[in-house]
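FYI, it's all coordinate maths here, none of it is from the lab. Every value quoted in this text rests on a predicted model; they were computed, and no experiment measured them. Glycine also receives a Cβ, built like all others from the backbone with ideal geometry; neighbour counts cover every protein chain displayed.
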Amino acid sequence: MVLDGRLRRGVHGAAGEIGHVPVEPAGEVCQCGQRGCLETLASGSALDAAWPRGGARTAESLFAAAAGGAPDAVAVRDRFAGAVASAVRLLVLTVDVEVVVLGGGVAAVGEPLRLAVADALRKQAADSSFLASLRLADRLRVVAQDRPVAAVGAALLGRPS
Ligand SMILES: [Zn+2]
């Protein structure tokens, strides 16, 4: 995690391990041993499990089916987007970053992913003027799968200011 231009890893290197924040007490057991981690809901492997008919292009297949109105695809997409939105909310409420970049394999979906997560963020803020005032949906960006976000971030960090 980079804050104010500095890499923050925390005492044991766990800072920013947002994928292992438990969000569903009765959820699935995560590979880390906890139950209901964000990663069990909001990751490429979570999508593979929830939408097995997608083959090698699970995320694209799912979002295309959802855009076509298939109710089961809409349900899987919205659950996924809701979990990603919860992660974005948690991150912003913890460190109040200006921009949240969605990267990784699922980001190959592009704009439909951003729209789905932005929609979920607006729904989560519907009953909270406080949350709505933070304009989380507007902070969201998606970068193409072939852009190594972490490496680019590391390179920018090493650049003379
Ligand atoms: Zn975990």
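Structural remarks
- Mean residue ellipticity, 222 nm, helices only, the chain: the sum of -39500 (n - 2.57) across DSSP H runs of n ≥ 4, divided by residue count and rounded to 500, is -13500 deg cm²/dmol.
- Its Cα gyration tensor gives the range 16-158 an equivalent ellipsoid; the semi-axes, largest first and in whole Å, are 22, 19, 17.
- Theoretical gain in end-to-end length, residue 4 to residue 75 [0.36 nm per residue, Cα-Cα removed]: 21.8 nm
- Surrounding net charge for residue 65, when Lys and Arg each add one and Asp and Glu each subtract one, Cβ distance under 13 Å: 0
- Loop exposure criterion: trypsin sites (Lys or Arg not before Pro), DSSP state outside H, G, I, E and B, at most 16 other Cβ atoms within 10 Å. Applied to the chain, the longest stretch between such sites is 10-134.
- Amide N of the range 1-22 lying under 12 Å from the label point, which is placed 7 angstrom from the Cα of residue 32 along Cα→Cβ: 13-22
- C-alpha center-to-center spacing [the range 110-135, the range 76-93] in angstrom: 9 Å
- Helices that extend 18 Å or more along their long axis by alpha-carbon positions and average at least 1.0 on the Kyte-Doolittle scale are, among the DSSP H runs of the chain, 71-95.
- The charge dipole of the chain, taken about its Cα centre with unit charges on the Cβ of Lys, Arg, Asp and Glu (plus for the first two, minus for the last two), comes to roughly 320 debye.
- Computed from phi, the 3J(HN,Hα) profile of the range 24-35 under the Karplus parametrisation 6.51, -1.76, 1.60 (θ = phi - 60°) reads 10, x, 9, x, 5, 6, 8, 4, 7, x, 7, 10 Hz, with x in place of Gly and Pro.
- Rg to Rh quotient for the range 1-64, alpha carbon positions, Kirkwood Rh: 1.11
- Taking the range 16-158 and dividing mean pair separation by its residue count, relative contact order in percent (alpha carbons under 8 Å, at least six apart): 18 percent
- FRET efficiency for the pair residue 14 and residue 56, taken as 1/(1 + (r/R0)^6) with r the Cβ-Cβ distance and R0 = 25 Å, rounds to 0.20.
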